[in-house]
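Okay, so here's the structure we're looking at.
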């Protein structure tokens, strides 16, 4: 069972917006045992949208479409679908009322523009939108079933789960593709590729592939089976093999956040952490609190950006700051030790560095970062140089990931 | 001059990775006056990659391709391009040496797998990769010029700027499309659409369209001209008209970060800010320090996640926490006032709320957030309910954006 995903919007083809819907739908389709042949993105113009519909419907059983259902003049998906189907648009009075009710419930009057969202190609079926004004559309186009959903991600997610997923499931029988990604940090893509080369052979089931992003290597596994339990057994066997070979390089499964791995370990051990950040400016605290239930292990974070804050909040002597500089082993150590002591936590992480783009010197270049990790045994500071090829936000992310990974390895007893 | 962008990778068609390269390239192509007909994403298989190449080359003058140039067995872009060109692959010894030098410079031995990155379709030209191991490829396919670049974004960016942009510029003459997006916060898409309806008419130059994401409405403007100054004059006239109609709803141009607008205003006024966060967990501090030069206005941030931290770091009496609860007007006010006083800044922002998914009650549901803004005149707290339809990360983002927008409007004298 094959599908093609079409994203519609000039904001996508001109690059103002990154398309996240196609990736989300692809994951859901993979889970449902539907193979995605390709993603296509076209601008808000009837001719290319129509052509994309027609071509996709001639190649795939399912065509999943997002975007172009809004109330404004550049929303043309319904027109293009009607053109491809060779039919006109019809106003469905009940949907005008539903859209009006949506505004009523929020104490607002329905703008006239929103009436257009109650237009549907003749012979198509509306799909209710439970979280927004734009209804979706289900239609036949040639041999294919087309589902059109809103471009707003959270509206699309709900519509897919409620009205699209069940239809797909009824068509795929038991056949199933299951996927997992193991995320690794601390080694390069080639090095990991050499360790698992035989598993990456073309045509193998499960298939194994790698991707690299910001120092994180994702090892993807896809397993096909005639039944779900068959695919699952194949998937888990390869995952176990990968875990055996890659060990503590792997920090996450299907979750690329190092903070999620740290959170699991902290919760399991009943331990707590606090943070004292300078160049990462709150990013580590933010990552640790992105996780639901973070109050179990995260107590407090200090963003001591100005030197004065380092002295007042962490007691770092002005002489140390003057002598060693704010970006130094000494200050990183003092930050972590004081933070842990004041917060009364088991662990404290500190980061001080030069995120750039300015502020670097020959001796202390942009990208120089010191990371402190304090626990009952004391504090160890590591020095990192992230400057080559990395921009400010990447240096901050890399510093954050490296700090969290140090804590992860400490919790595993691996460093 | 038209282009089609092809992204290659099963990590994309299975949804493990979101394609950000196509959006980045689309922005660059728009600036260069090249129209993007569509984006296509295909898996790591020779047949669909080859077909995408052939179809794109028959429709567009330029085909820009990213991904599938890595050293592992699932990297098949070079094979598919050779197949489309009807030629074989040739090893270029000088590129083996360049790749080896890349590893040498990092004190590592070149893995054997990387040799494959020195294979090129016969008749194509290598493009040097100055920040990674995978060289790019420039080739003719039918009437089209094909540029293949690495999928790793920062490697692709450098290669595009150095070796692709100049080629495109030499072909486009003076014709030019310029784009701008004005970001608005505080009104819905329909409401904004009604205010600017006439500017959104089909066929108008500049074209105006809107998109909505997490409460932010982006108003996109695209202007075409035979020369750059012509396109620029048209663009600026429409931007000025939009600014006149939308006023302080607009917070950013081509930058959707409210923090960037706040940073500009703080720097211009020579003012400083500190933050005291609970449910946003450092996100506001992170956003404020994402901006280069943030030390000019950002002094410190406290992430007082545990109640104990609210008492020790901000002096909030335990009785107030017990009586009113941590999520209350009283605590939000006390946090902002104490934060500003201790940090000695002109402004302080505080946030306390329930990000969920658990912790909500009938009286204080998930999504209830109090935002305090303290300045010389005192402190005002606003109450927000972000729970309906929003997940934890969205509630945190919405709270952060709303807090920063309150500071922005205050700096403008608008609230």
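The figures follow:
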{"quantity": "Inter-chain shielding of A:33-43 (mean C-beta neighbours from other protein chains, 10 Å cut-off)", "calculated": "6"}
{"quantity": "0 to 90° range, to nearest 10: angle between helix B:392-411 axis and chain B longest Cα axis", "calculated": "70 degrees"}
{"quantity": "Exam field: residue B:122 pseudo-label spacings to other copies (7 Å along Cα-Cβ), nanometres", "calculated": "5.8"}
{"quantity": "Label point 7 Å beyond Cα along the C-beta direction, distances from residue A:1 to other copies (nm, shortest first)", "calculated": "4.6"}
{"quantity": "Average beta-carbon neighbours from other chains, 10 Å sphere, peptide A:198-206", "calculated": "2"}
{"quantity": "Fewest-first sequence of B:286, A:213, B:323 by Cβ atoms within 10 Å of each Cβ", "calculated": "B:323, A:213, B:286"}
{"quantity": "Virtual spin-label span in nm between residue B:267 and residue A:93, 7 Å along Cα→Cβ", "calculated": "5.9 nm"}
{"quantity": "Degrees, to the nearest 10: A:46-59 long Cα axis against longest axis of chain A", "calculated": "90 degrees"}
{"quantity": "Chain A, rotation onto B, residue closest to that axis via Cβ, with its distance in Å", "calculated": "A:282, 2"}
{"quantity": "Bridge type composition, chain B - antiparallel percent by DSSP, nearest 5", "calculated": "60 percent"}
{"quantity": "Global form of chain B, assessed from the alpha-carbon gyration tensor, a/c cut-off 1.5", "calculated": "prolate"}
{"quantity": "Label distances, nm, residue B:154 versus same residue in remaining copies, Cβ-directed 7 Å point", "calculated": "3.2"}
{"quantity": "Per-residue average of Cβ from other chains inside 10 Å of A:301-314", "calculated": "6"}
{"quantity": "Most fluctuating residue given options B:145, B:402, B:72, as computed from a GNM of chain B linking Cα atoms under 10 Å", "calculated": "B:72"}
{"quantity": "Highest-fluctuation residue, B:359, B:344, B:136 considered, GNM on chain B with Cα pairs under 10 Å", "calculated": "B:359"}
{"quantity": "Gaussian network model of chain A, Cα within-10 Å springs - most flexible of A:245, A:106, A:98", "calculated": "A:106"}
{"quantity": "Quotient of Cα Rg and 2.2 N^0.38 Å for segment B:176-253, N being how many residues it contains", "calculated": "1.05"}
{"quantity": "Two-site FRET efficiency, residue B:125 against residue B:295, from Cβ-Cβ distance with R₀ of 45 Å, rounded to 0.05", "calculated": "0.50"}
{"quantity": "0 to 90° range, to nearest 10: angle between helix B:228-246 axis and chain B longest Cα axis", "calculated": "20 degrees"}
{"quantity": "FRET E, pair residue B:312, residue A:376, Förster distance 22 Å, beta-carbon r, rounded to 0.05", "calculated": "0.55"}
{"quantity": "A:19, A:346 arranged by Cβ crowding within 10 Å, fewest neighbours leading", "calculated": "A:346, A:19"}
{"quantity": "Peptide ranges B:194-203, B:50-59 listed from the most packed, as the mean C-beta count within 10 angstrom indicates", "calculated": "B:50-59, B:194-203"}
{"quantity": "Relative exposure of B:333, B:161, judged by other C-beta atoms within 10 Å (fewest first)", "calculated": "B:161, B:333"}
{"quantity": "Contact order relative to length of segment A:258-411, as percent, for alpha carbon pairs under 8 angstrom and 6 or more apart", "calculated": "25 percent"}
{"quantity": "Antiparallel DSSP beta bridges within segment B:258-411, as percent of all bridges there, nearest 5", "calculated": "60 percent"}
{"quantity": "Separation in nanometres of the label points that stand 7 Å from Cα toward Cβ, at residue B:415 and residue A:195", "calculated": "5.0 nm"}
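Where a number appears in this text, it was derived from the coordinates with a stated rule and is not lab data. Since this is a predicted model, take the numbers as computed values, not measurements. Positions of Cβ are generated from backbone atoms using ideal geometry, with glycine treated the same way; all protein chains shown enter the neighbour counts.
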